[in-house]
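Below is one structure, written out as structure tokens, with a few remarks after it.
Rule-based calculations on the coordinates, nothing more; no lab input. Nothing here was measured: the structure is a model prediction, and the numbers come from that model. Here the Cβ positions follow ideal geometry from the backbone for every residue, glycine too, while neighbour counts run over all protein chains shown.
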Amino acid sequence: MKKIIAIAAAALLCVSALAQNNKEWNASYFGIKSNGLIDNTTSIQKAIDFIAEKGGGTLTFCVGRYLTGAVYLKSGVNIRLDAAADIIGTDNIYGYKGQKAIFNGIGVENVRIFATRGNGVVDGRADLVLASYKDQKDKGYLPEGTPVPTLFYFENCKNIKLIKVLYRNPATPGKFYEAVNSDVVNDGCFTDTRE
């Protein structure tokens with residue numbers, strides 16, 4: 001009898017964890033604005049951290065333009081882009097905090113960034129970012145070795161999936177994402193950016 005109870009408890013915990021990972025939160029719940037003007041970096045990071053603390057799930061961006069600098073992905077937290085949802089990189093080079101991308105994952109696992117019901121976009125706004133980078137570099141304000149940010153950067157990550165995302169205007173030409181010692185699957189993603 002004790003064995004049956006233990007098995008039932010383990011199964012219940014497993015189902016509970018699975019349900020938690022399937023939980024979705026709308027970006028607006030965290031005060032993330034979709035007007036393309038307000039910098040959402042802090043709000044997006046708080047949302048990712050909150051979902052990670054809750055055991056994982058999906059942060060969903062509905063129609064709109066979401067301005068952000070560098071954010072850090074967490075294990076078990078997915079990013080979903082609905083139709084006409086555009087994540088756009090800030091043109092302020094300092095908004096990337098010296099990081100290599102808009103979305104940065106270091107030592108994370110089980111993350112999906114995916115588009116549904118149309119093509120969600122991640123737009124690096126290369127011209128504006130490079131102009132900011134050059135201006136600050138020419139003035140001597142940027143530390144040596146400050147990277148030019150791309151769209152995604154993964155280091156020592158496992159089970160990362162990029163699905164049906166439209167890559168646009170990375171500031172590093174032709175380099176939409178960088179993966180160092182990482183397991184990244186690129187499934188159905190494409191670009192309309194010309195070299």
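Miscellaneous remarks
- Under the Karplus curve 6.51 cos²θ - 1.76 cosθ + 1.60, θ = phi - 60°, whole-Hz ³J(HN,Hα) for the stretch 27-36, x wherever Gly or Pro sits: 3, 5, 4, 9, x, 6, 9, 10, 8, x
- Seen from residue 104, the other residues with C-beta closer than 12 Å to its C-beta sum to a net charge of +1, counting Lys and Arg as +1 and Asp and Glu as -1.
- With only Cα atoms counted, the stretch 88-195 has Rg and Dmax values of 14.1, 45 Å.
- Taking 67, 162, 142 in turn, the Gaussian network model of the chain (Cα-Cα springs below 10 Å) assigns the largest fluctuation to 142.
- Cross-link pairs beyond the 20 Å C-alpha cut-off, checked among 97/137; 46/137; 23/46; 33/161: 46/137; 33/161
- In this structure the amide hydrogen of residue 75, modeled in the peptide plane, comes within under 5 Å of the amide hydrogens of 109, none closer than 5 places in sequence on its chain.
- Of the DSSP H helices in the chain, those whose Cα atoms cover at least 27 Å axially and whose Kyte score averages -0.5 or more: 2-21
- Put simply, the amide H of residue 189, placed in the peptide plane, has neighbours under 5 Å in 164, 165, leaving out anything fewer than 5 places away on its chain.
- Normalised by the number of residues in the chain, the mean separation of alpha-carbon contacts (under 8 Å, six or more apart) gives a relative contact order of 17 percent.
- Each semi-axis of the equivalent ellipsoid for the chain is √(5λ) with λ an eigenvalue of the Cα gyration tensor; in descending order they amount to 33, 17, 16 Å.
- Across the stretch 65-71, coupling constants 3J(HN,Hα) worked out from phi with the 6.51/-1.76/1.60 Karplus curve, θ = phi - 60°, read 10, 10, 7, 7, x, 6, 10 Hz, and Gly and Pro carry x.
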